1. Any idea what the dipole of the chain comes to, in debye rounded to 20, about its Cα centre with Lys/Arg Cβ at +1 and Asp/Glu Cβ at -1?
2. Within the chain, what is the number of lysine pairs with alpha carbons under 14 Å apart, leaving out pairs fewer than eight places apart on the same chain?
3. For the chain, what is the percent of antiparallel DSSP beta bridges, rounded to the nearest 5?
4. To the nearest 500 deg cm²/dmol, what mean residue ellipticity at 222 nm is calculated for the chain from DSSP H runs of n ≥ 4 alone, each contributing -39,500 (n - 2.57), summed and divided by the residues?
5. For the chain, what is the accessible area per residue in Å² when the probe is 1.4 Å?
6. Looking at the chain, I'd like the Rg to Rh ratio, where Rg is from alpha-carbon atoms and Rh is Kirkwood's inverse mean 1/r.
7. The stretch 1-58: D in µm²/s via Stokes-Einstein (Kirkwood Rh, Cα pairs, 4 °C, 1.567 mPa s)?
8. For the Cα atoms of the chain, what angle does the longest principal axis make with the long axis of helix 14-25, in degrees from 0 to 90, nearest 10?
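The values are calculated or read from the model by the stated rules, or taken from the named source; none is laboratory data. Quick caveat: nothing in here was measured; it's all calculated off a predicted structure. Ideal geometry is used to build each Cβ from the backbone, glycine not excepted, and the neighbour counts take in all protein chains shown. SASA here: full protein model, heavy atoms, side chains in, ligands and nucleic acids out. Shrake-Rupley method; radii C 1.70, N 1.55, O 1.52, S 1.80 Å.
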Amino acid sequence: MKMIKPYLMFNRECEEAFKLYVEAFGGELIAMQKYSEIPSSPDFPVEESDKDLVLYSQLRLTEDGIIMGSDSNRELKDSDKVVVSVELNSEEQARKAWNILKEEGSIHMDLHETFFAKLHGSLKDKFGVSWMFTVN
């Protein structure tokens with residue numbers, strides 16, 4: 001069976017964002033490749049100012065949850081149509097991640113008990129990525 005993995009595009013801040021996500025979720029950075037690691041080629045020139053950008057990264061957020069990401073060398077607009085949904089077993093883990101990601105972000109729906117979950121809420125982090133938390 002194949003897996004669907006969210007792929008997040010950033011405006012020159014992928015490395016910073018993924019470090020924050022590791023802190024928030026206690027995740028494991030599986031891979032991070034920079035543009036400077038690309039073999040030199042006239043077909044794919046890399047500007048000196050772009051060499052520290054992330055070409056590809058992969059982060060294990062939870063046991064079964066992986067996100068991928070990279071930097072764009074063009075300005076991207078935030079999208080409210082895509083939300084990373086994180087289902088956790090621990091209220092403590094959810095509150096820790098929530099509190100880290102809400103800093104300099106905006107809360108869409110506060111993290112609280114609902115009729116369908118012990119905790120549920122959604123926010124947009126300081127990088128413009130929307131997250132939905134659920135603790136069953």
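1. With Lys and Arg at +1 and Asp and Glu at -1, about 360 debye.
2. Within the chain, the lysine pair count is 7.
3. Counting only bridges with both partners in the chain, antiparallel ones make up about 65 percent.
4. Theoretical 222 nm ellipticity from helices: -5500 deg cm²/dmol.
5. Per residue, the chain has an accessible area of 63 Å².
6. Ratio of gyration radius to Kirkwood radius: 1.02.
7. 100 µm²/s
8. 30 degrees
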